[in-house]
Amino acid sequence: MDDINLKLGELDLTSEDFWLDEVDVHIQKNLEDEIVKEALNTGVDLRQYSKQIEKELLNIKESQNIASLHKQIAACDTILESDLSSISTEIQSLQEQSITMNVKLKNRQAIRGELSQFVDEMVIPEAMINHILDTPVTEREFLEQLHELNHKINFVKEQSFKDARSCLDVKDILEKLKIKKPMSNYQIPQNAMLKFRFFNEFLMANERHTAREYEEVADKEDLMGPTLKNRSTVFTLGSRGNILTTDLESPIIVPHAAQKADTKYNFESLFRSLHFALMDNCSREYLFLVDFFMVSGTAALDLFNAIMGKTLTFFLKQMDEHVKECFDSIGIFLYWETLLFVLWPKFEHVIELNIHSVRDVDPQKLGHIDNRPHYITRRYAEFSAAILGINQSFPDDRVERLLERLQTEVENFILKMAAEFPQRKEQLIFLINNYDMLLGVLMERTTEDSKESESFKELLTARTQEFIEEILSPHFGGMISFVKDCEVHIERGSSESLRHEERRVQQIVKGFNSDWKRALEFINGDVMRAFTNFKNGTQILQGALTQLIQYYHRFQKVLSQGPFRNMQIRNELINIHHVMIVTDYKVADCDDKLVDCDYVTNCLIVTVNCEIVTE
């Protein structure tokens, strides 16, 4: 065994005490620790206690890991919440886009359906053009295309009122096809016609449908005074006047086509159609006779009468029978010229019946009445405007005399109805509303300078002026009567006799200064509630305010005269320009309407045409 050679060098073994002292110090410090003291005092096994401490330290370490993990989870939650919020926003945006696209799709589908129908209605197919131009009128295909053409003409006319620009693209074609459109489907070659027999059969065929095609027939009970049986067209012209203007040369009514389409016509339309067909065929027949039989002059007329005479007689007979049972005076008047000798007695009789019906009206039996335009007045306005409108084209003095008598009875009726109101103010409101309505209808349908219009203008103006004085009197009556009295004395040169009126002047000035604004507010509300025509009401209010300004100017002028010139009360007069000025409001186009005006009570409103002479 080799010897171990330990070279300890300069090892100092004298430091042992120093190291042990340091350990003792360390042990002493540990023994002074409160936890160690508690463990020693309780007799706990230090090894076991050490393990427990290690376990607690391990738990503390794990709790730190858990805390760290919690923080990480919270951070993940925050990130996830942000991401989910972003995803939610995107989903909501996608939903909104989906809804918008769905609405657009539905709108486009709806527009497509409407537009498709519109285009189908508007387009004129080439097949229709070919049938109208080339197919014989006796063929069924021609009749079917004729129905379709008529439908398209009506559709384009309806759309033209709506300013549809596409109407301009087809209007020219339709007009050309209308020219080709035949008068009726019986115009086949002349040499194949059974001349007299066919025309007579045509008229008879049309007459059989007359009673069923005429929807509304007036009878002897449908007069102006009594209550109507729900027939609103008896006293109005409506579209019936078109037979003398726009519809005068329209194609004739084809009986079986109208029956198939279930189209109904009033008698005036049938009358025009029959006349037009008769004139067309009589002309063709006469030219055919002259050309075929080589006749002229008296011989041609005799031959024509031999062929068409019975047809003409039949036509007149049918008209005579219709007129006997007709109580529609406007309808009768439309047939005027040719059948005058048949129609005049009946027309005159029907007008007489209406005159007596108005004359015999008892206001006590009409029940409750208000100050609005009466229904009998409106009937007369529509009726008179219709007759006057027709009579302007075909003047007849007898018609004018009948209408004058009817107008007199209507004026008397209005006065009788007004007398039912106990107060003059209410009477005037009733009269003005009725005269204004009458004048409005007459001026719309006839010329403004017609005798009837001028007559009702005068009545309306007179009653309006009286009403203005009536509404001013309760508020400014003292000033108005004072002005009128003083002007009489001044005109006679006896102004000195007015000195005893100084106290009256003071009362008037103070009363005006304190109440004029409130009075204007009351007058404004009263006038605007009274009249059914707003424009008429504003004009009356304008007239009342203008009249008040004029009275106030005259009042100031009176106070400038001798006995009142030096009165101190004159200094308290409100300046007339202050009364006239409208604060923050304007008067525009005062002859027709008021703009931006609220009728405020701190001023008066006057027309721009009102001339005020100030001192």
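For this structure, a couple of remarks:
- Between S160 and V488, the simple label model (points 7 Å from Cα in the Cβ direction) yields a spacing of 6.7 nm.
- Extension gain, E81 back to E148 (0.36 nm per residue minus Cα-Cα distance, nm): 17.3 nm
- Summed side-chain charge close to E491 - residues other than E491 whose Cβ falls under 12 Å, Lys, Arg +1, Asp, Glu -1: 0
- Accessible surface, 1.4 Å probe, highest first, among residues W516, W344: W344, W516
- When the surface is traced with a 1.4 Å probe over the full set of protein chains, I153 keeps roughly 20 Å² accessible.
- Normalised by residue number, the volume inside the convex hull of the Cα atoms of the stretch 503-575 is 82 Å³ per residue.
- Pairs of alpha carbons in the stretch 120-169 whose separation is greater than 18 Å (percent): 35 percent
- Remark: the stretch 268-325 carries a charge dipole of roughly 40 debye about the Cα centre, counting +1 on each Lys and Arg Cβ and -1 on each Asp and Glu Cβ.
- Taking all pairs of distinct alpha-carbon atoms in the stretch 463-539, Kirkwood radius in angstrom: 14.4 Å
- Ligands, DNA and RNA left out, the 1.4 Å accessible surface of the stretch 409-459 is 48% carbon and sulfur atoms.
- Model label sites at E325 and S495, defined 7 Å from Cα along the beta-carbon direction, differ in position by 8.1 nm.
- Mean Cβ neighbour count within 10 Å, used as a protection proxy, ranking 127-134, 81-88 highest first: 127-134, 81-88
- Ligands, DNA and RNA left out, the 1.4 Å accessible surface of the stretch 482-526 is 45% carbon and sulfur atoms.
- Segment Q423-T313, length gained on full extension (0.36 nm per residue, minus Cα span): 33.4 nm
- Summary of the geometry: the stretch 455-499 and the stretch 60-121, compared by the centres of their Cα atoms, lie 81 Å apart.
- Accessible area (Å², 1.4 Å probe, nearest 10) - R140: 150 Å²
- Rolling a 1.4 angstrom probe over the protein heavy atoms with all chains in place gives the stretch 93-148 an accessible area of 78 Å² per residue.
- Mean projected area (nm²) of the alpha-carbon convex hull when the stretch 442-584 is viewed from all directions: 11.1 nm²
- Taken along the Cα-to-beta-carbon direction at a fixed 7 Å, the label points for C282 and K37 span 14.9 nm.
- Normalised radius of gyration (Cα atoms, divided by 2.2 N^0.38 Å) for the stretch 334-436: 1.24.
- For the stretch 250-403, diffusion coefficient by Stokes-Einstein and Kirkwood Rh (Cα), 10 °C, 1.306 mPa s, µm²/s: 83 µm²/s
- Residue-normalised accessible area of the stretch 413-501, given per residue in Å² at a 1.4 Å probe: 48 Å²
- Of the solvent-accessible surface of the stretch 114-163, computed with a 1.4 Å probe over protein heavy atoms with every protein chain present, carbon and sulfur atoms account for 51 percent.
The values are calculated or read from the model by the stated rules, or taken from the named source; none is laboratory data. Note that this is a predicted model, so its numbers are computed, not measured. Please note: Cβ atoms are built from the backbone with ideal geometry, for glycine as well, and neighbour counts cover all protein chains shown. Ligands, DNA and RNA are excluded from the accessible area calculation, which covers all protein heavy atoms including side chains. Shrake-Rupley method; radii C 1.70, N 1.55, O 1.52, S 1.80 Å.
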